[in-house]
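Scroll down for the structure; my scribbles are underneath it.
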Amino acid sequence: MRRNVLRACFAGETDSHGLCKYRGQRLSVTAGIGIGATLTAAGDRLNKSRDTSHSGGLLERIPVIPIPSVDAASEITPYQPGQVAVNRSTAVMKYGFPSLSNIKSRESYVTSYDPRNRTAAWVIEQLNAETVTGTSDRKFCDFKEDDSVHVYHRSSNADYKGSGFDRGHLAAAANHKWSQKAMDETFYLSNVSPQNPHLNQNAWNNLEKYCRTLTKHYQNVFVCTGPLYLPRQEPDGKMYVKYQVLGKNHVGVPTHFFKVVILEKPRGDVELRSYVMPNMPVDEKIPLERFLVPIESIERASGLLFVPNIMKRTSSLKAITAG
């Protein structure tokens, strides 16, 4: 039963209302195994012998792959109130780059663009009590093509028209109320991925709001968001990566989305929370903690690295998982 519950969202199962099936079950720290089962054909065999009381779960049963270092481009000084705005995008990268290709810097976020799928591979933003408040209004913003991306590799509004998918922000507009320009830049289509409307407007929106509330309890909140394209076992028993594409530009529709949240306390302690949601209708009443997964699951699935860079900045890292 637990295995079926874990698979419900990550494998794309829905109930009679078209919502992700959790059947009211509480997920433990092994929620990340839902992704692990999707990522490896050996998942079923491993699950049979899993001790759900052990925090290691699937990850301890997979050989550890050495993780190379990935350095940030430069030493970064955290943003201080009163500094010029350009330092905001610089401070975003305090914990380094998850990858090093196609890096673009905006007013208050940094992104790595994926030209093949016409969306970002990841977007990082820094939130605090100052950035999430202000008079900026999204009614003055319009979704627009990113002219810095080659015309062969960019998406357009026409790709989304009539597709049934929302233009889902990766760096959320409401995270940047401090500046109208900063908010406006979140409407570049390079900061957008095709997202199920129910997910975008409910459960995912709740996660974005939750990240903003964390600024009341932590000195800085670093948020890295991106799409995932996960394999799924087909009836022939083989694993395939399959996803829809939109419009004439073939914009890739992610199977899932991740959000990695790095939380700084005043004394320098750092907490890490990592979430994954399927790109499908999800009941917004499901507690957000049910979507917590081990960071290793996201690193393996996305090809990105977070922990090595974080550990270069702190000797006190606490990873928060479902429990």
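The values are calculated or read from the model by the stated rules, or taken from the named source; none is laboratory data. Predicted, not measured: the structure shown is a model, and the values here were computed from it. No Cβ is skipped: glycine too gets one built from the backbone with ideal geometry, and neighbour counts run over all protein chains shown. For the accessible areas, the whole protein counts, side chains as well, though only heavy atoms, and no ligand, DNA or RNA atoms are used. Shrake-Rupley method; radii C 1.70, N 1.55, O 1.52, S 1.80 Å.
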Inspect region 259-275 for any residue being without any contact (Cβ under 8 Å) to a residue 40 or more places away in the chain and not in a strand (DSSP E or B) and give the result as yes or no. yes
Collect the residues in region 223-248 that are of a type outside the set (S, T, N, Q) and closer than 25 Å to Val307 by Cβ, keeping them in residue-number order. Val223, Cys224, Gly226, Pro227, Leu228, Tyr229, Leu230, Pro231, Val241
Over region 227-255, the set of residues more than 14 Å from Phe165 (Cβ to Cβ), outside any loop (DSSP other than H, G, I, E, B) and under 19 Å from the mean Cα position of the chain (by Cα) is Leu228
All conditions in (1) in contact (Cβ under 8 Å) with a residue 60 or more places away in the chain; (2) under 22 Å from Val260 (Cα atoms); (3) open to solvent by 20 Å² or more (accessible area, probe 1.4 Å) are true of Phe165 except (2)
For Ser112, the lone unmet condition from (1) touching a residue at least 24 places away in the same chain (Cβ under 8 Å); (2) assigned to a strand (DSSP E or B) is (1)
Given (1) touching a helix residue (DSSP H, G or I) at 6+ places or on another chain (Cβ under 9 Å); (2) in contact (Cβ under 8 Å) with a residue 40 or more places away in the chain, identify the lone condition not met by Ile295. (2)
From Pro287, Pro281, grab the single residue that is touching a strand residue (DSSP E or B) at 6+ places or on another chain (Cβ under 8 Å) and either under 22 Å from Ser190 (Cβ atoms) or not hydrophobic (A, V, I, L, M, F, W, C) (or both). Pro281
For region 171-185, name all the residues that are farther than 10 Å from Gly134 by Cβ, of a type in the set (Gly, Ala, Ser) and open to solvent by 10 Å² or more (accessible area, probe 1.4 Å). Ala174
If you go through Asn196, Asn202, Asn191, the only one that is in contact with an Asp or Glu (Cβ under 6 Å, 6 or more places away or on another chain) and of a type outside the set (Gly, Ala, Ser) is Asn202
Enumerate the pairs (first residue in region 138-153 and under 20 Å from Asn102 (Cβ atoms); second residue anywhere and modelled with pLDDT under 95 and not aromatic (Phe, Trp, Tyr)) with beta-carbon separation below 8 Å, excluding pairs fewer than 6 apart on the same chain, so at least 6 apart or on different chains. Ser148/Lys104
